[in-house]
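These notes are about the structure you will find just below.
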Amino acid sequence: MSFEISAGTRGAWAPKGPFVRLVNKVLAPMIRRKGRFGGMNALVLTTVGRKSGEERQSPLAWFPGPDGSWLIVASANGAASNPGWYHNLRANPDKARIDVDGKTIEVRAQQLQGEERAQAWAEISKNERFATYQEKTDRQLPIIKLTAK
């Protein structure tokens, strides 16, 4: 399955650039230790930059997939555009890893589509924070399934 979500025309403000890198640098070690942030399961996603080729780390909430996979949402706080890590995964879906539950795991990324996405969203949107993100934007929030290689 391919990555197929384009930007929306409206959405919430989402921080970018040096501020995000600083916050990620502070949060990543804490998430590696505790596995949680803001009352949610959390992991650190490492992607390869589509332009730079450099590794980028993004602390993210995750939801359990029905097959033992990890589901992440490209919510960007409900912004009109997808977050940078989404574009990196789109360009390099087989060059990613996660730090979760005290382990580093090489993963393959796949964007959910159709009924599989609908089923996942039905579970994810029970989390009020993520349901609110979808209400802020007119783009459909991509759900990415991370599977261990």
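The values are calculated or read from the model by the stated rules, or taken from the named source; none is laboratory data. The structure displayed is predicted, hence computed values, not measured ones. Please note: Cβ atoms are built from the backbone with ideal geometry, for glycine as well, and neighbour counts cover all protein chains shown. Keep in mind that these areas ignore ligands, DNA and RNA; they rest on the heavy atoms of the full protein, side chains included. Shrake-Rupley method; radii C 1.70, N 1.55, O 1.52, S 1.80 Å.
Of the conditions (1) open to solvent by 40 Å² or more (accessible area, probe 1.4 Å); (2) part of a loop (DSSP other than H, G, I, E, B), residue 82 satisfies every one except a single condition; which number is it?
(1) is the only condition that residue 82 fails.
So which pairs qualify, if the first residue must be in the range 61-87 and over 21 Å from residue 30 (Cα atoms), the second must be assigned to a loop (DSSP other than H, G, I, E, B) and of a type in the set (Asp, Glu), the Cβ gap must be under 8 Å, and the two must be at least 6 apart or on different chains?
80/138
If we keep just the residues of the range 56-79 that are open to solvent by less than 20 Å² (accessible area, probe 1.4 Å) and part of a strand (DSSP E or B), which is modelled with the lowest pLDDT?
58
For the range 1-55, enumerate the residues that are of a type in the set (Ser, Thr, Tyr), under 22 Å from residue 104 (Cβ atoms) and loosely packed, with under 15 Cβ neighbours inside 10 Å.
The one that is of a type in the set (Ser, Thr, Tyr), under 22 Å from residue 104 (Cβ atoms) and loosely packed, with under 15 Cβ neighbours inside 10 Å: 52.
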